[in-house]
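Single-structure report; data block below.
The values are calculated or read from the model by the stated rules, or taken from the named source; none is laboratory data. Just so we're clear, the structure is a prediction, and the values are computed from it rather than from any experiment. For neighbour counting, all protein chains shown are included, and Cβ atoms are generated from backbone atoms with ideal geometry for every residue, glycine included.
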Amino acid sequence: MQLSIWEKESFYAPKDIIIVGGGLTGLWSAYFLKKKYPRLSVALVDRGLIPTGASTRNAGFATFGSLTELAHDAQVMGEDRMLQVVEMRYRGLKRIADTFRKKDIDFSITGGYEMITPYHPVSTRELNEKIAYINSALFPILKKEKTFALANHKIRRFGLQETTDLVENAFEGSLHSGKLCMALLQKVQSLGVLTLNQIAVEGYEKTGEGIVLHNQQGLQLVAQKVLICTNAFVKSLLPTLAVTPARGQILLTAPIRGLKIRGAFHSDEGYIYFRNLGDRLLLGGARNKALEEETTETMDISPAIQQALEAFLNRYILPGIPYTITDRWSGIMGHGPEKTPIVKKIEEQVYCAVRMSGIGVAITPIIGEQAAELIMQ
Ligand SMILES: Cc1cc2nc3c(=O)[nH]c(=O)nc-3n(C[C@H](O)[C@H](O)[C@H](O)COP(=O)(O)OP(=O)(O)OC[C@H]3O[C@@H](n4cnc5c(N)ncnc54)[C@H](O)[C@@H]3O)c2cc1C
């Protein structure tokens, strides 16, 4: 198909900036670019009909990390890096709460919990040591004496089985990931960002006119600067970056009469997560039960992981309680050797903001702002 002059001079006209990838990172980057530089022409390009990676397919936890996960991260990444990531997540959650009306994105601070079970045992003594250590490490950021505290008196209230200890984080909550993405998309469009969907970018080339984005659709896409926000899928465009796709699978039950679970729950150092969605139970994770198979970009579900999730559900959360599973899906996270995102200039006129890891919702507003600043330096 040949383009008309009208198309060439509007939708496909050269832009100041094209952002590739319309998930939360791309959306927040577009938001801050247009907020700070309203005169810039910005287009946001995604290969999906809607953003199709992690942002609309996650579990909707508004979290900055569970206790044992943060303790583990401190060991692997070092305490400073762990705190740096927590600080970004905490500020990011505030940013989300300040940008939207909570009811528009179902954002509520429900309280978060981590359940300790024989599935991944931790002794009470060790747990108390971790609580003391993480609470004091987080104090300069959160200014709270007791971010995490034992809440074993609530184990029965939630109907949890074989739970040796329960740790509460009163500052955690949940949101509606689809409503958040839609609301942010509408904000970005209202600021004048052009959104183009179903365009799969395959590579880029520097020319005298700017950066030309080669795409499967053969459309003319040229910009002075390009920001790549394709997270788990970045390797096809920037093969040397240390980003690995990590699939996360989820199941959701039909409403369960008398469901006792209320809030956002973690277990197994963050590998298991569940929450209520009204009277439905959403459960995800167990990726560590088949790590190799789950290192994939294929957005599918697998019997091994779904069975592992159901086994956890039957044993620890809903033993003897009848339920029906209505939905199962997966999304792809961008992981790396550590949980810090990559925001950097790749070369003159080309930038990236990727690797949002498993707790990315909270971090994307901060990374979007950083990326916008970096591009405009
Ligand atoms: C199952 C699961 C559960 C999760 N649960 C939570 C949670 O509860 N809380 C939390 O904070 N985080 C959670 N996360 C992580 C969080 O969702 C992500 O970190 C975050 O959404 C990443 O956003 P992003 O925009 O960087 O990436 P994505 O949302 O993956 O966006 C990347 C976009 O790039 C597009 N794209 C890819 N390649 C191309 C190309 N070549 N051309 C054009 N477009 C392209 C894709 O279509 C996609 O829309 C979860 C993730 C998963 C998968």
Could you list, in sequence order, all residues of the range 207-262 that are surrounded by fewer than 17 Cβ atoms within 10 Å (Cβ to Cβ), away from the ligand (no atom under 16 Å from the Cβ), assigned to a loop (DSSP other than H, G, I, E, B) and in contact (Cβ under 8 Å) with a residue 40 or more places away in the chain? Glu209, Ala254, Lys260, Arg262
From the set of residues in the range 77-88 that are within 21 Å of Arg287 (Cβ to Cβ) and more than 15 Å from the ligand (Cβ to nearest atom), which is surrounded by the most Cβ atoms within 10 Å (Cβ to Cβ)? Met82
Provide a single number: the residues in the range 45-76 that are more than 23 Å from Val193 (Cβ to Cβ), out of contact with any helix residue (DSSP H, G or I) (no Cβ under 8 Å at 6 or more places or on another chain) and surrounded by fewer than 21 Cβ atoms within 10 Å (Cβ to Cβ). 2
Of the numbered conditions (1) assigned to a loop (DSSP other than H, G, I, E, B); (2) crowded, with 21+ Cβ neighbours inside 10 Å, Cys352 fails exactly one; give the number of that condition. (1)
Pair list, Cβ < 8 Å and 6+ apart or interchain, from the range 50-61 residues that are touching a residue at least 24 places away in the same chain (Cβ under 8 Å) and not assigned by TED's automatic domain parsing to the domain that holds Gly278 to residues that are charged (D, E, K, R) and within 6 Å of the ligand (Cβ to nearest atom): Thr52/Asp46
Find the residue count for the range 120-161, including only residues that are touching a helix residue (DSSP H, G or I) at 6+ places or on another chain (Cβ under 6 Å) and closer than 24 Å to Leu259 by Cβ. 2
Only one of Glu310, Glu347 is assigned by TED's automatic domain parsing to the domain that holds Ala232 and at pLDDT 95 or above. Can you tell me which? Glu347
So Asp300 clears everything in (1) assigned to a loop (DSSP other than H, G, I, E, B); (2) over 26 Å from Ser174 (Cβ atoms) except one condition, right? Which one? (2)
Residue count for the range 153-186, restricted to those that are in a loop (DSSP other than H, G, I, E, B) and closer than 18 Å to Ile109 by Cα: 6
Of the residues that make up the range 325-344, is at least one assigned to a loop (DSSP other than H, G, I, E, B), away from the ligand (no atom under 15 Å from the Cβ) and at pLDDT below 95? yes
